[in-house]
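Okay, structure first, notes after.
The values are calculated or read from the model by the stated rules, or taken from the named source; none is laboratory data. The model shown is predicted, which means the values in this text are computed figures rather than measured ones. No Cβ is skipped: glycine too gets one built from the backbone with ideal geometry, and neighbour counts run over all protein chains shown.
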Amino acid sequence: MSKRILLLPGDGIGPEILAEARNVLEVLIGEHGLDATLQEAPVGGAAVDACGDPLPADTLELARAADALLLGAVGGPAWDQHPRHQRPETGLLRLRAGLGLFANLRPALLHAPLASASTLRPEVVEGLDLLIVRELTGGIYFGEPRGIRESDGQRQGFNTLVYSESEIERIAHVAFRAARERRKAVCSVDKANVLESSELWREVVSRVGGEYPDVALRHMYVDNAAMQLVRDPSQFDVLLTGNMFGDILSDIAATLTGSIGMLPSASLDANRKGLYEPIHGSAPDIAGKDVANPLATILSVALMLRYSFAEPDMATYVEQAVSFALSTGLRTADIAGEEESVGTAAMGEAVVAAMLAFQH
Ligand code: NAD
């Protein structure tokens, strides 16, 4: 059956970068037999302007019916003073919650020609190719009870770090399955020496790991994992972790690769339906100027092919087209350093040209 892909351009640079990703999808559909139809819907500030709601009912309905979603980004100063329910980011949070997207996948891959853009020495980041699998809908960000209360004559803030076995099991399965398609190694990150929730996490992950005898499993405390990420990041294949630890570690991993404009992400439900998006925001400072890097969004298409559509060869093909465009020396401003740069459209066109030149 034909796959339904919903495109959500959003705000700021969102429409510009999504237009380039759309061209890539159209080549896949037109030239490579990807059986998919594309639809588009408003979300974020654009939807607030159009109908007063950052996630209109029609958009949510299309999102529910879709097999995969591709988002540009939402947000911008024009909506910062709106009441919370009319903020662009609220629309995105409601979309993630409404679709039950519990698994966040963030690859961090160093494209060899960009080694000098990393904050680490080239020899340290060489070979960096890891995937962070982060639990997204549980843990301390959602645990109850939470709040600020009076205690002993002063205010006390409190949160609850809670994970049930089923929540740990389902995210562990995502990590082990992803590892099977990669280098077959999972490192589960916790704080089991201090936290009971981590003790259970470790026990359940080990049990699930027993179902994947072909995947090597090791456990690491989060403080050590943070240190190892900046000391020797290429030792990792898949890093599996909970919501808060994943939030922090994924930003460390992102900086290792140099530019925010290069990093895609996926958020998946239990049936591998996914919301795919670059990790960056709507970059209002450069919106409408044809300078934004479209590669994180194009690489998000590759993730969609790999994780929602089980088309790993097509995914690799898109990734190789991106690598080829970079290897010819083309750079958008964010990755150009002192070199000359090209615009959003020119970079997108170079990827499409590479795809057409190296037919799949
Ligand atoms: P941002 O990621 O939008 O921008 C940070 C910096 O990175 C800016 O200097 C920007 O120009 C640059 N940048 C970002 N993407 C780039 C790209 N593709 N190419 C070149 N340079 C790029 O973060 P911010 O400035 O903190 O937030 C701006 C808006 O985006 C806010 O309204 C925020 O709420 C929103 N936001 C949305 C998402 C999302 O939609 N998932 C995520 C983060 C932030």
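Results, tabulated for the structure shown:
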item: Checking MET304 against (1) within 11 Å of the ligand (Cβ to nearest atom); (2) under 24 Å from ASN104 (Cα atoms); (3) of a type outside the set (Ser, Thr, Tyr), the condition it does not meet; result: (1)
item: Failed criterion for ALA63 (all others in (1) within 16 Å of TYR276 (Cβ to Cβ); (2) within 12 Å of the ligand (Cβ to nearest atom); (3) in contact with a strand residue (DSSP E or B) (Cβ under 7 Å, 6 or more places away or on another chain); (4) outside any strand (DSSP E or B) hold); result: (2)
item: Leading residue by the ranking (nearest to the ligand (Cβ to nearest atom)) among those in segment 324-349 that are within 29 Å of ARG4 (Cα to Cα) and surrounded by 19 or more Cβ atoms within 10 Å (Cβ to Cβ); result: THR344
item: Qualifying helices (runs of 4 or more DSSP H) (wholly inside segment 117-220; at least 3 residues being more than 30 Å from ILE335 (Cα to Cα)); result: 165-180, 196-209
item: Test: residue in segment 158-177 that is modelled with pLDDT of 95 or more, over 19 Å from the mean Cα position of the chain (by Cα) and basic (Lys, Arg); result: no
item: Any hit, segment 162-185, residues being surrounded by fewer than 21 Cβ atoms within 10 Å (Cβ to Cβ), of a type in the set (A, V, I, L, M, F, W, C) and over 27 Å from ASN271 (Cβ atoms); result: no
item: Some residue of segment 116-128 being among the aliphatic types (A, V, I, L, M), assigned by TED's automatic domain parsing to the domain that holds ASP190 and within 16 Å of the ligand (Cβ to nearest atom); result: yes
item: Residues of segment 137-164 that turn out to be over 24 Å from TRP201 (Cβ atoms) and among the hydrophobic types (A, V, I, L, M, F, W, C), as a count; result: 1
item: Every residue from segment 66-110 that is away from the ligand (no atom under 15 Å from the Cβ), under 18 Å from the mean Cα position of the chain (by Cα) and either assigned to a loop (DSSP other than H, G, I, E, B) or exposed (fewer than 14 other Cβ atoms within 10 Å of the Cβ) (or both); result: ASP67, GLY98, GLY100, PHE102, LEU110
item: Number of the exception - GLN320 against (1) within 17 Å of the chain's Cα centre (by Cα); (2) more than 8 Å from the ligand (Cβ to nearest atom); result: (1)
item: Test: residue in segment 288-308 that is closer than 17 Å to ILE13 by Cβ, out of contact with any helix residue (DSSP H, G or I) (no Cβ under 6 Å at 6 or more places or on another chain), in contact (Cβ under 8 Å) with a residue 60 or more places away in the chain and surrounded by fewer than 21 Cβ atoms within 10 Å (Cβ to Cβ); result: yes
item: Filtered residues of segment 135-164 (kept if touching a residue at least 24 places away in the same chain (Cβ under 8 Å) and in contact with a Phe, Trp or Tyr (Cβ under 8 Å, 6 or more places away or on another chain)); result: GLU135, LEU136, THR137, GLY138, GLY139, TYR163
